[in-house]
Amino acid sequence: MAEKALACNLKGYGPVRLSKLPDDELKAVAVALHVDPSSTSVIADILKAKRFISSKPLRPANADNADNADNADAPLPSSASECAPAISEAAAPATAPPAAPAAAPATAPAAAPATALAGESTMVVVKQPAFKITAFNSYKLRMGEKSLAEQWLHVIGEMSTSNVVMASEVPYAQVDERASTMRHILEQVSGCSWTTTISQPSGTQNEKSNKEVHVVWARDGVKIKKHRTLQQANGVRLDYAPFQFAAEDSHGVNYIMTSVHFPPESRKAERDRQISAFLTAYAQTSEARMETPFTSKGARDGKLKETVHIIGGDFNAFPPHVAHAECIPFSTFIGHRVATSAGMRSHDHFMVNADSADKYLIGADVIQLATPHNSRTGQSGVSDHFPISLTIRYAAQTRTTATR
């Protein structure tokens with residue numbers, strides 16, 4: 001089985017398929033890729049090394065490689081952070097045909113240094129650092145259902161490329177076990193350590209026992225400085241209290257992130273009232289955003305560091321279409337015609353303060369589930385909402401800053 005996987009250069013082998021390999025077969029794959037087979041993150045290490053496989057088929061280390069004994073492959077880069085060579089050198093044939101004479105160009109170009117071709121000393125393209133957040137309505141985060149185990153592995157595999165994962169609609173009574181399971185799988189798939197932070201429980205006034213929480217998992221390198229649960233805004237009670245936290249990434253960029261879950265369409269008037277009160281308070285009062293500046297001008301006037309403000313999750317609406325929310329200085333990511341739920345409605349979005357949207361390159365994505373949970377049809381899936389992600393790239397800045 002390992003030989004078959006290596007023969008196709010592990011094409012089609014992701015975390016789920018690799019985890020199903022017998023231990024001896026997985027070890028053979030690891031050794032062939034110069035990965036430590038005893039590592040606790042061996043699957044993550046294999047997936048990193050996979051990125052640097054050349055087009056030449058691999059073979060297990062214990063296979064009969066006499067034909068390759070004098071022409072061994074070059075070792076793989078020691079880590080995934082190293083750049084793969086842009087040009088792979090093919091082995092010369094045993095007997096090379098004579099080269100046809102060619103006319104020399106009028107001006108022969110200078111030969112490129114070997115180090116430049118290998119990408120070791122000359123950088124042509126600057127790789128922009130990035131920060132990624134994933135948010136999703138987890139539909140109770142049902143990690144223990146065996147029928148969903150493989151679906152969860154694939155979904156968490158997608159989420160594991162994020163720096164922060166935010167989940168809403170997690171049952172308070174089972175949060176410790178389910179959040180711990182999620183964290184364990186994130187660490188297994190990514191090969192990194194993660195922290196878990198949980199909000200205070202909340203729910204509608206009629207939901208005395210079915211309280212829910214928000215959960216945040218942060219990858220190694222992200223520091224959660226403080227957090228709180230917002231029970232009200234501008235005097236309006238927020239049923240599924242948003243969870244807000246201050247974070248700093250490994251590049252020193254400060255964030256205030258808020259995981260939200262607002263009432264469903266069946267309670268439209270109350271939903272719109274809560275969204276409007278929350279967004280208005282957020283933009284107008286520093287207390288609603290952990291005493292941080294909302295604009296670049298506010299940061300300069302207060303001699304403070306700028307902060308990126310991100311609100312993400314299940315709005316059960318398109319925020320700019322909510323009364324009194326259209327004039328609030330946020331940029332909304334994921335348009336109102338993009339479906340984010342099993343019912344093909346646009347309910348899940350990110351909102352970013354306008355100045356941060358001007359300063360960084362920001363893009364959103366939807367992890368569309370092939371089989372979302374659908375109570376009406378009886379289809380079982382991890383959630384009835386699609387996870388959404390937001391990537392902030394730290395692009396080069398202009399010399400002048402527009403005044404707001």
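Checking each residue in segment 268-313 for being touching a residue at least 12 places away in the same chain (Cβ under 8 Å) and part of a loop (DSSP other than H, G, I, E, B) picks out Met290, Thr292, Pro293, Phe294, Thr295, Leu304, Lys305, Glu306.
For segment 155-184, which positions are open to solvent by 30 Å² or more (accessible area, probe 1.4 Å) and farther than 22 Å from Gly363 by Cβ? I'd like the intermediate steps shown before the answer.
Step one: of segment 155-184, the residues open to solvent by 30 Å² or more (accessible area, probe 1.4 Å) are 158, 161, 163, 172-174, 176-178, 180-181, 183-184.
Across segment 155-184, the qualifying residues are Tyr172, Ala173, Gln174, Asp176, Glu177, Arg178, Ser180, Thr181, Arg183, His184.
Taking segment 151-183 as the region of interest, how many residues are assigned to a strand (DSSP E or B) and touching a helix residue (DSSP H, G or I) at 6+ places or on another chain (Cβ under 6 Å)?
Within segment 151-183, the subset assigned to a strand (DSSP E or B) is 164-171.
Keeping just the survivors that are touching a helix residue (DSSP H, G or I) at 6+ places or on another chain (Cβ under 6 Å) gives 165.
Of the residues in segment 151-183, 1 are assigned to a strand (DSSP E or B) and touching a helix residue (DSSP H, G or I) at 6+ places or on another chain (Cβ under 6 Å).
For segment 210-225, the count of residues that are within 21 Å of Val308 (Cα to Cα) and among the polar types (S, T, N, Q) is zero.
For segment 247-263, a residue qualifies if it is open to solvent by less than 10 Å² (accessible area, probe 1.4 Å) and more than 18 Å from the chain's Cα centre (by Cα), and the qualifying residues are Phe262, Pro263. Would you call Ile328 closer than 27 Å to Ala395 by Cβ, modelled with pLDDT under 95 and either open to solvent by 10 Å² or more (accessible area, probe 1.4 Å) or under 23 Å from the mean Cα position of the chain (by Cα) (or both)? Answer is yes for this residue. Inspect all residues belonging to segment 215-231 and state whether any of them is surrounded by 22 or more Cβ atoms within 10 Å (Cβ to Cβ), of a type in the set (S, T, N, Q), out of contact with any helix residue (DSSP H, G or I) (no Cβ under 7 Å at 6 or more places or on another chain) and not in a loop (DSSP other than H, G, I, E, B). Within segment 215-231 (the criterion being surrounded by 22 or more Cβ atoms within 10 Å (Cβ to Cβ), of a type in the set (S, T, N, Q), out of contact with any helix residue (DSSP H, G or I) (no Cβ under 7 Å at 6 or more places or on another chain) and not in a loop (DSSP other than H, G, I, E, B)), the answer is no, since none of the residues qualifies. Scanning segment 389-398 turns up no residue that is surrounded by fewer than 20 Cβ atoms within 10 Å (Cβ to Cβ), more than 19 Å from the chain's Cα centre (by Cα) and at pLDDT 95 or above.
Tell me the strands (runs of 3 or more DSSP E) entirely within segment 314-404 that contain at least 2 residues that are closer than 20 Å to Gly157 by Cβ. I'd like the intermediate steps shown before the answer.
Working: elements: 330-333, 348-353, 361-366, 388-393.
Once the strands (runs of 3 or more DSSP E) in segment 314-404 are filtered for at least 2 residues that are closer than 20 Å to Gly157 by Cβ, what remains is 361-366, 388-393.
Pairs are defined by a Cβ separation below 6 Å, a sequence spacing of at least 6 or placement on different chains, a first member in segment 330-356 that is on the phi > 0 side of the Ramachandran plot, and a second member that is of a type in the set (A, V, I, L, M) and surrounded by fewer than 21 Cβ atoms within 10 Å (Cβ to Cβ); the pairs so defined are Ile334/Ala364.
The values are calculated or read from the model by the stated rules, or taken from the named source; none is laboratory data. Here the structure is a predicted model, which means the values were calculated and not measured. Here the Cβ is made from the backbone with ideal geometry for all residues, glycine too, and neighbour counts use every protein chain on show. These area figures cover heavy atoms from the full protein model, side chains too; ligands, DNA and RNA do not enter into them. Shrake-Rupley method; radii C 1.70, N 1.55, O 1.52, S 1.80 Å.
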